[in-house]
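Below is one structure, written out as C-alpha coordinates; comments come after it.
The values are calculated or read from the model by the stated rules, or taken from the named source; none is laboratory data. Just so it is clear, the structure is predicted and the values come from calculations on it, not from any experiment. Because the Cβ atoms are built from the backbone with ideal geometry, glycine has one as well, and the counts that use them run over all protein chains shown. Each accessible area value is taken on the protein alone, full model and side chains, heavy atoms only, with ligands, DNA and RNA left out. Shrake-Rupley method; radii C 1.70, N 1.55, O 1.52, S 1.80 Å.
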Amino acid sequence: MPVQLKLIAAACENLGIGKDGDLPWRLKKEMSYFSKMTSSTKEKHKKNIVIMGRRTWDCIPLKYKPLSNRINFVLSRSNPDLKQFTDTYAFSSLDKALEELECDRFSDKYEEVWVIGGSSIYREALESKNFYRLYLTKIFKDFDCDTFLPPIPDDLKEVSDPAVPSEIQEENGIQYTYKVYER
Ligand SMILES: NC(=O)c1ccc[n+]([C@@H]2O[C@H](COP(=O)([O-])OP(=O)(O)OC[C@H]3O[C@@H](n4cnc5c(N)ncnc54)[C@H](OP(=O)(O)O)[C@@H]3O)[C@@H](O)[C@H]2O)c1
(Lines give C-alpha, C1' and ligand atoms only; values in the text may rest on other atoms or scores of the structure.)
Protein backbone atom coordinates (compact mmCIF):
# COMPACT_ATOMS: atom_id res chain seq x y z
CA MET A 1 0.00 0.00 0.00
CA PRO A 2 1.59 3.34 -1.01
CA VAL A 3 2.00 5.98 1.68
CA GLN A 4 -1.07 8.24 1.88
CA LEU A 5 -0.30 11.84 2.73
CA LYS A 6 -2.72 13.82 4.85
CA LEU A 7 -2.04 17.55 4.83
CA ILE A 8 -3.13 19.72 7.74
CA ALA A 9 -3.09 23.51 7.62
CA ALA A 10 -4.82 26.55 9.08
CA ALA A 11 -5.26 29.46 6.70
CA CYS A 12 -6.98 32.83 6.86
CA GLU A 13 -9.07 34.38 4.09
CA ASN A 14 -6.10 35.30 1.86
CA LEU A 15 -4.71 31.76 2.36
CA GLY A 16 -2.05 33.18 4.68
CA ILE A 17 -0.48 30.65 7.04
CA GLY A 18 2.50 32.44 8.61
CA LYS A 19 4.15 35.73 9.48
CA ASP A 20 7.76 36.35 10.58
CA GLY A 21 8.40 32.65 11.19
CA ASP A 22 5.35 32.24 13.42
CA LEU A 23 1.60 31.76 13.20
CA PRO A 24 -0.28 35.04 12.60
CA TRP A 25 -2.89 34.14 15.27
CA ARG A 26 -3.18 32.51 18.67
CA LEU A 27 -5.98 29.91 18.62
CA LYS A 28 -5.47 27.45 21.46
CA LYS A 29 -8.37 25.13 20.61
CA GLU A 30 -7.28 25.03 16.98
CA MET A 31 -3.78 24.07 18.12
CA SER A 32 -5.28 21.26 20.26
CA TYR A 33 -7.22 20.06 17.22
CA PHE A 34 -3.94 19.97 15.24
CA SER A 35 -2.25 17.98 18.01
CA LYS A 36 -5.15 15.54 18.35
CA MET A 37 -5.53 14.94 14.63
CA THR A 38 -1.80 14.40 14.04
CA SER A 39 -1.19 12.32 17.20
CA SER A 40 -4.20 9.97 17.36
CA THR A 41 -3.60 6.36 16.36
CA LYS A 42 -5.87 3.33 16.49
CA GLU A 43 -3.01 1.04 17.49
CA LYS A 44 -1.41 2.26 20.68
CA HIS A 45 2.09 0.93 19.90
CA LYS A 46 2.22 2.99 16.70
CA LYS A 47 2.89 6.69 16.16
CA ASN A 48 2.05 8.99 13.30
CA ILE A 49 4.70 10.66 11.17
CA VAL A 50 4.67 14.46 10.83
CA ILE A 51 6.59 15.82 7.83
CA MET A 52 7.60 19.48 7.89
CA GLY A 53 9.97 21.94 6.26
CA ARG A 54 13.05 23.09 8.16
CA ARG A 55 11.61 26.56 8.80
CA THR A 56 8.44 25.10 10.33
CA TRP A 57 10.69 22.95 12.56
CA ASP A 58 12.59 26.12 13.53
CA CYS A 59 9.28 27.78 14.50
CA ILE A 60 8.55 25.15 17.16
CA PRO A 61 9.71 26.36 20.60
CA LEU A 62 12.53 24.18 21.97
CA LYS A 63 10.38 22.91 24.86
CA TYR A 64 7.87 21.43 22.37
CA LYS A 65 10.52 19.78 20.15
CA PRO A 66 10.15 17.16 18.84
CA LEU A 67 6.35 17.22 18.51
CA SER A 68 5.41 14.66 21.15
CA ASN A 69 3.98 11.19 20.43
CA ARG A 70 4.81 11.68 16.77
CA ILE A 71 7.81 10.75 14.63
CA ASN A 72 9.18 14.04 13.30
CA PHE A 73 10.53 14.19 9.74
CA VAL A 74 12.26 17.47 8.85
CA LEU A 75 12.91 18.28 5.18
CA SER A 76 16.10 20.25 4.56
CA ARG A 77 18.79 20.45 1.90
CA SER A 78 21.33 21.67 4.47
CA ASN A 79 21.70 18.55 6.62
CA PRO A 80 20.59 19.99 10.01
CA ASP A 81 21.97 18.38 13.16
CA LEU A 82 18.95 16.83 14.91
CA LYS A 83 20.83 14.23 16.98
CA GLN A 84 19.73 15.71 20.31
CA PHE A 85 16.06 15.06 19.45
CA THR A 86 14.45 11.64 19.84
CA ASP A 87 12.14 10.34 17.10
CA THR A 88 13.41 13.05 14.72
CA TYR A 89 14.95 12.53 11.28
CA ALA A 90 16.14 14.82 8.49
CA PHE A 91 15.55 14.10 4.80
CA SER A 92 16.83 15.99 1.78
CA SER A 93 13.57 15.58 -0.17
CA LEU A 94 9.96 14.49 0.23
CA ASP A 95 10.65 11.51 -2.04
CA LYS A 96 13.52 10.35 0.20
CA ALA A 97 11.23 10.57 3.23
CA LEU A 98 8.54 8.54 1.43
CA GLU A 99 11.12 5.94 0.29
CA GLU A 100 12.20 5.52 3.90
CA LEU A 101 8.60 4.89 4.94
CA GLU A 102 8.25 2.19 2.34
CA CYS A 103 11.28 0.26 3.60
CA ASP A 104 11.82 -1.78 6.75
CA ARG A 105 13.10 0.78 9.25
CA PHE A 106 9.69 2.25 10.00
CA SER A 107 7.40 -0.58 8.95
CA ASP A 108 4.92 -1.50 11.67
CA LYS A 109 5.97 1.56 13.70
CA TYR A 110 3.77 4.23 12.15
CA GLU A 111 0.10 4.61 11.25
CA GLU A 112 -0.62 7.89 9.45
CA VAL A 113 1.57 10.40 7.64
CA TRP A 114 0.72 14.08 8.16
CA VAL A 115 2.29 16.90 6.18
CA ILE A 116 2.27 19.96 8.45
CA GLY A 117 3.83 22.67 6.23
CA GLY A 118 5.10 25.11 5.29
CA SER A 119 4.37 26.55 1.92
CA SER A 120 6.57 24.62 -0.52
CA ILE A 121 6.07 21.33 1.33
CA TYR A 122 2.29 21.74 1.05
CA ARG A 123 2.67 22.52 -2.66
CA GLU A 124 4.80 19.44 -3.32
CA ALA A 125 2.51 17.21 -1.27
CA LEU A 126 -0.65 18.52 -3.01
CA GLU A 127 0.93 17.62 -6.37
CA SER A 128 2.25 14.26 -5.16
CA LYS A 129 0.72 10.97 -6.31
CA ASN A 130 0.73 10.11 -2.58
CA PHE A 131 -1.63 12.99 -1.72
CA TYR A 132 -4.73 11.72 0.06
CA ARG A 133 -6.49 14.50 1.98
CA LEU A 134 -6.24 18.13 2.98
CA TYR A 135 -7.48 18.99 6.48
CA LEU A 136 -7.94 22.73 6.30
CA THR A 137 -8.95 25.08 9.08
CA LYS A 138 -10.53 28.07 7.34
CA ILE A 139 -10.22 31.18 9.47
CA PHE A 140 -12.85 33.81 8.63
CA LYS A 141 -10.56 36.80 9.00
CA ASP A 142 -7.68 38.45 7.16
CA PHE A 143 -4.27 38.54 8.84
CA ASP A 144 -1.07 40.17 7.65
CA CYS A 145 0.94 37.18 6.37
CA ASP A 146 4.20 36.53 4.50
CA THR A 147 3.70 32.78 3.95
CA PHE A 148 0.77 31.28 2.05
CA LEU A 149 -0.94 28.00 1.30
CA PRO A 150 -0.84 27.26 -2.44
CA PRO A 151 -4.24 27.58 -4.16
CA ILE A 152 -6.48 24.60 -3.41
CA PRO A 153 -6.59 22.50 -6.61
CA ASP A 154 -9.98 22.53 -8.40
CA ASP A 155 -10.15 18.74 -8.47
CA LEU A 156 -10.38 18.44 -4.67
CA LYS A 157 -13.82 17.66 -3.28
CA GLU A 158 -15.08 18.30 0.21
CA VAL A 159 -15.63 15.13 2.24
CA SER A 160 -16.60 14.49 5.85
CA ASP A 161 -14.55 12.81 8.53
CA PRO A 162 -16.25 11.74 11.78
CA ALA A 163 -13.21 12.96 13.75
CA VAL A 164 -13.69 16.51 12.48
CA PRO A 165 -16.26 18.83 14.13
CA SER A 166 -18.66 20.30 11.56
CA GLU A 167 -19.90 23.32 13.52
CA ILE A 168 -18.33 26.79 13.29
CA GLN A 169 -15.70 27.36 15.97
CA GLU A 170 -15.04 30.65 17.77
CA GLU A 171 -12.05 31.71 19.85
CA ASN A 172 -10.88 35.19 20.88
CA GLY A 173 -13.70 36.61 18.72
CA ILE A 174 -12.30 34.82 15.63
CA GLN A 175 -14.52 32.37 13.78
CA TYR A 176 -13.18 29.38 11.89
CA THR A 177 -14.30 26.02 10.52
CA TYR A 178 -12.68 22.66 9.86
CA LYS A 179 -12.87 21.34 6.28
CA VAL A 180 -11.61 18.12 4.70
CA TYR A 181 -10.84 17.75 0.98
CA GLU A 182 -9.97 14.67 -1.01
CA ARG A 183 -8.92 14.15 -4.64
N1 LIG B 1 -0.87 27.90 9.51
C2 LIG B 1 -0.31 26.69 9.36
O3 LIG B 1 -1.01 25.68 9.29
C4 LIG B 1 1.18 26.58 9.27
C5 LIG B 1 1.78 25.32 9.13
C6 LIG B 1 3.17 25.26 9.01
C7 LIG B 1 3.93 26.42 9.04
N8 LIG B 1 3.31 27.62 9.16
C9 LIG B 1 4.07 28.88 9.13
O10 LIG B 1 4.77 28.91 7.91
C11 LIG B 1 6.06 29.50 8.09
C12 LIG B 1 7.15 28.47 7.76
O13 LIG B 1 6.90 27.93 6.49
P14 LIG B 1 7.81 28.23 5.20
O15 LIG B 1 6.97 27.97 4.02
O16 LIG B 1 8.46 29.57 5.37
O17 LIG B 1 8.98 27.18 5.36
P18 LIG B 1 8.99 25.57 5.39
O19 LIG B 1 8.31 25.01 4.22
O20 LIG B 1 8.57 25.10 6.73
O21 LIG B 1 10.56 25.31 5.30
C22 LIG B 1 11.26 25.66 4.15
C23 LIG B 1 12.58 24.91 4.19
O24 LIG B 1 12.31 23.51 4.07
C25 LIG B 1 13.32 22.90 3.30
N26 LIG B 1 12.68 22.37 2.09
C27 LIG B 1 11.64 22.87 1.40
N28 LIG B 1 11.31 22.06 0.38
C29 LIG B 1 12.16 21.03 0.45
C30 LIG B 1 12.34 19.86 -0.31
N31 LIG B 1 11.54 19.58 -1.36
N32 LIG B 1 13.33 19.01 0.01
C33 LIG B 1 14.14 19.28 1.07
N34 LIG B 1 14.02 20.34 1.85
C35 LIG B 1 13.05 21.22 1.53
C36 LIG B 1 14.35 23.97 3.02
O37 LIG B 1 15.21 23.91 4.16
P38 LIG B 1 16.78 24.30 4.14
O39 LIG B 1 16.80 25.79 3.93
O40 LIG B 1 17.29 23.88 5.48
O41 LIG B 1 17.37 23.53 3.00
C42 LIG B 1 13.51 25.24 3.05
O43 LIG B 1 14.27 26.39 3.33
C44 LIG B 1 6.08 29.94 9.53
O45 LIG B 1 5.60 31.28 9.61
C46 LIG B 1 5.11 29.00 10.20
O47 LIG B 1 4.58 29.55 11.40
C48 LIG B 1 1.95 27.72 9.28
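Numbers at a glance
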| quantity | calculated |
| --- | --- |
| Positions within segment 139-183 being open to solvent by 40 Å² or more (accessible area, probe 1.4 Å), among the hydrophobic types (A, V, I, L, M, F, W, C) and in contact with a Leu (Cβ under 6 Å, 6 or more places away or on another chain), in sequence order | Phe148 |
| Number of the exception - Lys29 against (1) in a helix (DSSP H, G or I); (2) crowded, with 19+ Cβ neighbours inside 10 Å | (2) |
| Qualifying residues in segment 48-68 (those that are of a type in the set (Ser, Thr, Tyr) and open to solvent by 40 Å² or more (accessible area, probe 1.4 Å)) - the one nearest to the ligand (Cβ to nearest atom) | Tyr64 |
| Number of the condition not met by Asn79 [criteria: (1) within 13 Å of the ligand (Cβ to nearest atom); (2) surrounded by 12 or more Cβ atoms within 10 Å (Cβ to Cβ); (3) at pLDDT below 95; (4) not basic (Lys, Arg)] | (2) |
| Given (1) modelled with pLDDT of 95 or more; (2) within 26 Å of Pro153 (Cα to Cα), number of the condition Ile60 does not satisfy | (2) |
| So Glu158, is it away from the ligand (no atom under 15 Å from the Cβ) and either at positive phi or assigned to a strand (DSSP E or B) (or both) | yes |
| Sole exception among (1) within 8 Å of the ligand (Cβ to nearest atom); (2) in contact with a strand residue (DSSP E or B) (Cβ under 6 Å, 6 or more places away or on another chain) for Ile71, by number | (1) |
| Residue among Leu5, Leu94, Leu15 that is within 15 Å of the ligand (Cβ to nearest atom), surrounded by fewer than 18 Cβ atoms within 10 Å (Cβ to Cβ) and closer than 28 Å to Arg183 by Cα | Leu15 |
| Hits in segment 144-174 (condition: among the acidic types (Asp, Glu), within 29 Å of Ser120 (Cβ to Cβ), touching a strand residue (DSSP E or B) at 6+ places or on another chain (Cβ under 9 Å) and without any contact (Cβ under 8 Å) to a residue 60 or more places away in the chain) | Glu158, Asp161 |
| Residue tally, condition touching a Pro at 6+ places or on another chain (Cβ under 8 Å) and either open to solvent by less than 10 Å² (accessible area, probe 1.4 Å) or polar (S, T, N, Q) (or both), over segment 127-138 | 1 |
| Looking only at segment 11-46, and only at residues there that are in contact with a helix residue (DSSP H, G or I) (Cβ under 8 Å, 6 or more places away or on another chain) and in contact (Cβ under 8 Å) with a residue 60 or more places away in the chain, the one that is nearest to Ser78 (Cα to Cα) | Gly18 |
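This table checks each residue for (1) away from the ligand (no atom under 14 Å from the Cβ); (2) modelled with pLDDT under 95.
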residue	(1), (2)
Ala90	no, no
Ser107	yes, yes
Tyr110	yes, no
Tyr135	no, no
Pro150	no, no
Gly173	yes, no
Tyr178	no, no
Tyr181	yes, no
